[in-house]
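Take a look at the structure set out below.
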Amino acid sequence: MNEGRKEIFQIVFVLVGLVFLVKLFFVQVVNRRYAELANSNSILRQVEYPFRGLIYDRNGKLIVYNTPEYDLEVIVNDVKNFDSANFCKVFGLTREELRLRFKELKARKKEYSPVKPMLFIDKLSNEDLAKVQDHLDEFPGFFVQARTTRAYTSAGFANALGYVSEISKEAMKKDASGIYKQGDYIGQSGIESFYEDQLRGKRGLRFKLRDVKGIDRGPFDNGRYDTLSVPGQDLISSIDLDLQQYAEKLMNGKAGSIVAIEPSTGEILTLVSGPSYDPNLLTGKNYSSNFKTISSDTMKPLFNRPLMAQYRPGSIFKIVQALTALQEGVITPETRIPCIRKGFGGIMDCHGPHTNEDLRGAIANSCNPYFHSVLRRMLNQNKSTDTYQDTRIGLAEWDKHVNSFGFGNKLGIDLPNEKNGLIPTPKYYDGAYNNKPWKFSNIYSIAIGEGENLVVPLQMANFVATVANRGFYYTPHLIKSIGKEGKPLQQYLEKHYTTVDSSNFIIAVDAMQRVVESGTGQWFAKLPDVIVCGKTGTVQNEPFPDHSVFIAFAPRDNPKIAISVYVENAGQGARAGASIASLMIERYLFKQTRRQYLEDYVLAGKFLD
Amino acid sequence: MRRDNDISGSIDWTTVMLFFGLVAFGWLNIFAAVYDENAKQSIFDLSLNSGRQLLFIGASLIIAFAITIVDLRFYETFAYVFYAVILFVLILVPIIGKEVGGNKAWIGIGSFGVQPSEFAKFITALAIAKYIGSVGFRMDSLRSQAILFALIGLPMGLILLQKDTGTALVFTSFVLVFFREGMSPFLLIVGICAATLFVLTLLIPDPVYLYIAIAIILVLLILLEKRKKFGRIVLLTVGALMISGVIASVDYVVKDVLKPHQQNRIKALINPDADPLGFGWNVTQSKIAIGSGGFFGKGFLKGTQTKFDFVPEQSTDFIFCTIGEEHGWIGSVIVIAAFVTLLLRIVYLAERQKNRFTRAYGYSVACIFFFHFAVNIGMTVGLFPVIGIPLPFFSYGGSALWGFTILLFILLKLDAHRGQVLQRI
């Protein structure tokens, strides 16, 4: 009955052997994927980090540089004959601290590996390093790892510079370039972020053999495929570091912003966000704890006001109204409108010593009822018999001009997180009024820069630079040269013309000159030996004190600097804003402060008294 | 009795040569698996697995020689005594044993440990052979079968208690011996069908598809049934329902009874790429190592995968990776051919016995080697779930090597004397 069973055994044995051989033939000979996988398995791609590019100011002063930092690392398995008493002495630790450090090491659980280098003491100072280096050989398993971090020559300019830190998980997911790996450093905001591509340089690659524990077994193929790292490009900023620091000093203790632009190029000379923080706080050792403190500050030092704070512009918008109305031909420079003082609602009340001004006078004295009428003429040009429809047509026309000044949309500065601001369109009001009809009497407060319109300080500065140029602007930017002898990015070399004629701008310039000579700016903004053109603004901010605004450029002919100053809760634009702007102009044009009393007044910051 | 001890003329030298060849090649591969280029170690270095394995090999040669000079009746006579002793030791292991790698299968003797379960294999083989060879044994008697299953079930159960599933499963290979000695193939067929169903259930994520397949087959069978007898239709339906029940129970067993690491091993078999750095690590790395060897291999001591420790347990359970990587497909062919030759040779030896005890023992040896060979290589090439059992003569470890050596040389000893024993065919 057992006939043939022997053969079954023999057949099964041979069959299993054949199945293995066939399977192995496919795994070993036919399918080459495994050989490739084996390479990625045992060959480690090691990235060699390039030096990040440095950043200089417009006069060649260093702003941002790299500084070496030293961490003490340990491979736990390599630690032998550990003399803890000696270790404590050399590294200046107490026994308790040492014990704690070992405990923390093992508490890292997932990360912890006894065969990989683990961070033991981070950021040794240079003196520490010198002291420790002679003793390192007494502690096998411990070694010093050098790397570079960012350092800043001055304590300011933080919001524009941004900072560098480890790439976040979300950013990793978004990164399509595949350049970054977990744990890599990346520019997180400001210039560091915008010019990340230029600054980071090119990483070098080294191929090393390693085993499953990650232990280095020498270069692969004698380093034939290795590439050297290429340092990042240096950037020349348009910032005038001296002016920047002076501006920061003036803004000290105040919230708001100062933006100064060279009108002929669009290069930003100063970009201050107040309050700010010391950029050195967000580098190296105490990054995370400092970041927490800074980001939870109620004054929002991380909020980059020049780009992100959307304010109502206030009376500086009267220049905009004048330009659009002149361009549309609804007024002439000689148009006189009586000042009725009261009657359009509280916001339009007027107090100044004027009664029946022409355009220049109305600007110089910042007459509210005058511009109420100007906007009415602008919006209701009787292009339609239906007053609602007529306003729509007028507003659309107005929008076209205002947008051409760079309002209502991002200008495209070389910094991230710029805000649009808001220039209301007919559509916007449809939404705001739930598609019920609206007309001039509903929206007149935009005539004096109150109401719905919002601008960021950068747009104000760009606008005054446009006036200084009599009708065009270059997009404001912070980097004037990529590489030592380079150019800015292409988009910053393009001229943008407004829809308003140059001749109309000349009228605006005249008016702004009068503001400083004999109008609202005469007390604080006037300079003896240069013609300053400006405009004050006092933005309603019930129930808090008004915001103080001032825009200006100087000299009147061949302007060198255009500036916008916005100080929150500082009252009249004629005081805080005008003083700061004029001190800045003086500093830039004459490299000195000649009116110490005015500086003291600004530094004291008591503008409301 | 002098002739009894001098068997050099009658021992099967073919098998002995195969044994030496496998052990020697195994030893070289153990060295390759632990070799470190920078350390300039010697293959004889006792701090390395290869150095220690050489000691084990030396000891196994002494054991092999000792086996050949002991009186041949000793093995059959004391088979049940050995069996009782090993059962006792296996009971002791969980109590006094030490834990190695999650299994409590070791007993410490001095500075090194011994794995009693490795010796339980040859002892159980002897006990089964003795029972099958006993006077009046009839395979078709239910009582005999029950006793045989008890003989393999007892050590198996005790080893399961040590959580050494792999070694315990080796004992199922004795069922093949029963088959050779006359057991009805029904049990085997049912077993194979159950295993096929089990694998199908695992491969097909939703059992609903299997139910549908069974339903379709059932309808086809009924339609093809010419006479449309009511009884047959009922029978087929009941059968289909029973199979569906098995599928449902497999689903339950896999998801609720198997431990997570066992589930993962099965999942890794089905789709090792699902989590290549997690539960699929062993199989993935093993395949990468073997696959990177190509046709001719990277050369002795030139493997990057095995040398840099990507494959875990590579000098023990995953030793075949080293062969595959360094010696390529050619090396694999040689090793597999050597094993198949050994298995066929053992069957040949078993079949030429005139004595039922020796024949049953011979088949036990063949089946145990076959199980180890098939499962171990099957798992390294990803055809079988990861079950931690060694590749005979290759894997590092004293107990296993000695167990296999004893297993083989007792057969050689019995075979050498086949002319002297004529009783009880």
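FYI, it's all coordinate maths here, none of it is from the lab. Keep in mind it's a predicted model, so treat the numbers as computed, not measured. Cβ placement follows ideal geometry from the backbone for every residue including glycine, while neighbour counts extend to all protein chains displayed.
Pair-distance distribution of region A:241-604: all C-alpha pairs, bin width 20 Å, starting at 0; shares per bin in whole percent are 31, 58, 11, 0. Other protein chain C-beta atoms within 10 Å of residue C-beta, averaged over B:376-383: 3. Each residue, residue A:557 and residue B:10, gets one label point 7 Å from its Cα in the Cβ direction; the gap between the two is 13.1 nm. Per residue of A:331-337, other chain Cβ atoms within 10 Å of the residue Cβ number 0 on average.
Based on the Cβ-Cβ distance of residue A:11 and residue A:31, what FRET efficiency does E = 1/(1 + (r/R0)^6) give at R0 = 41 Å, to the nearest 0.05? That pair, residue A:11 with residue A:31, gives E of 0.90. Computed over region A:439-513, the percent of Cα pairs more than 16 Å apart is 65.
Can you compute the helix-only [θ] at 222 nm over chain A? Use -39500 (n - 2.57) per DSSP H run of at least 4 residues, normalise by all residues, nearest 500 deg cm²/dmol. Please list the in-between numbers first.
Values: 22 runs with 213 residues, N = 609.
Computed mean residue ellipticity for chain A: -10000 deg cm²/dmol.
Extending 7 Å from Cα along the Cβ direction at residue B:187 and again at residue A:78 yields two label points whose distance is 6.0 nm. Out of A:565, A:245, A:477, whose Cα points farthest toward the positive end of the dipole of region A:241-604 (charges: +1 Lys, Arg; -1 Asp, Glu; placed on Cβ)? Positive-most Cα among the choices belongs to A:245. For a test of the definition: using alpha carbon positions, the gyration tensor, and the 1.5 limit on a/c, classify region A:530-576 as rounded, prolate or oblate. It comes out prolate by the Cα gyration axes. Derived scalar couplings between HN and Hα for region A:354-361 equal 8, 10, 8, 8, 8, 4, 5, x Hz in order, rounded to whole Hz, by the Karplus curve 6.51 cos²θ - 1.76 cosθ + 1.60 (θ = phi - 60°), x for Gly and Pro. The charge dipole of chain A, taken about its Cα centre with unit charges on the Cβ of Lys, Arg, Asp and Glu (plus for the first two, minus for the last two), comes to roughly 1160 debye. Sorting the segments A:563-572, B:365-374 by their mean number of nearby beta carbons within 10 angstrom, highest to lowest, gives A:563-572, B:365-374.
Grab the beta carbon distance between residue B:230 and residue B:163, set R0 = 41 Å, and tell me the FRET efficiency rounded to 0.05. Using R0 = 41 Å, I get an efficiency of 0.20. Counted over region A:488-546 with a bin width of 10 Å, the fraction of Cα pairs per bin, in whole percents, is 19, 28, 28, 22, 2.
So, with +1 on the Cβ of K and R and -1 on the Cβ of D and E, and no other charges, what is the size of the charge dipole of the protein assembly as shown about its Cα centre, to the nearest 20 debye?
Roughly 2960 debye for the protein assembly as shown.
Does region A:400-548 come out rounded, prolate or oblate by the C-alpha gyration tensor, with a ≥ b ≥ c the root eigenvalues, rounded set by a/c under 1.5 and, if not, prolate when a/b is larger than b/c and oblate if not? Walk me through the numbers on the way to the answer.
Numbers: a/c = 1.78, a/b = 1.18, b/c = 1.50.
Here region A:400-548 falls in the oblate category.
Kirkwood hydrodynamic radius computed over the protein assembly as shown comes to 36.9 Å, based on all pairs of distinct alpha carbons. Ordering A:129, A:84, A:490 by Cα displacement along the dipole of chain A toward the positive end leaves A:84 in first place; charges were set at the Cβ atoms of Lys, Arg (+1) and Asp, Glu (-1).
Simple spin-label estimate for residue A:127 and residue B:196 gives 8.2 nm between the two label positions (7 Å along the Cα-to-Cβ direction from each Cα).
Subtracting the Cα-Cα distance from 0.36 nm times the residue separation, let me have the gained length for residue A:100 to residue A:197 in nm, one decimal. Working shown, then result.
Values: separation 97, 0.36 × 97 = 34.92 nm, distance 4.08 nm.
30.8 nm is the gain from fully extending residue A:100 to residue A:197.
Grab the eigenvalues of the alpha-carbon gyration tensor for chain A, scale each by 5, take roots, and send me the semi-axes largest first in whole angstrom.
Details: eigenvalues 798, 207, 91 Å².
Listed largest to smallest, the semi-axes of chain A are 63, 32, 21 Å.
Region A:266-311 and region A:557-609 have Cα centres spaced 22 Å apart.
Could you work out, residue by residue across A:7-15, how many beta carbons of other chains sit within 10 Å of that residue's beta carbon, and then give the average as an integer?
Numbers: counts 1, 5, 13, 6, 0, 4, 13, 4, 1.
That average works out to 5.
Taking amide hydrogens as placed 1.01 Å from N in the peptide plane, the amide H of residue A:255 sits under 5 Å from those of A:568, each at least 5 positions away in sequence or on another chain.
The residue list A:455, B:405, A:534 was ranked by how far each Cα lies along the charge dipole of the protein assembly as shown toward its positive end, using unit charges on Cβ atoms, and B:405 comes out on top. Couplings 3J(HN,Hα) for region A:12-28, derived from phi with the Karplus relation 6.51 cos²θ - 1.76 cosθ + 1.60 (θ = phi - 60°), are 4, 4, 5, 4, 4, x, 5, 4, 4, 5, 5, 4, 5, 4, 5, 5, 8 Hz, where x marks Gly and Pro. At an R0 of 60 angstrom, the distance between the Cβ atoms of residue B:242 and residue A:490 translates into a FRET efficiency of 0.15.
Anisotropy class assigned to region B:120-251 is oblate, per the alpha carbon gyration tensor with a/c at or over the 1.5 cut-off and a/b no larger than b/c.
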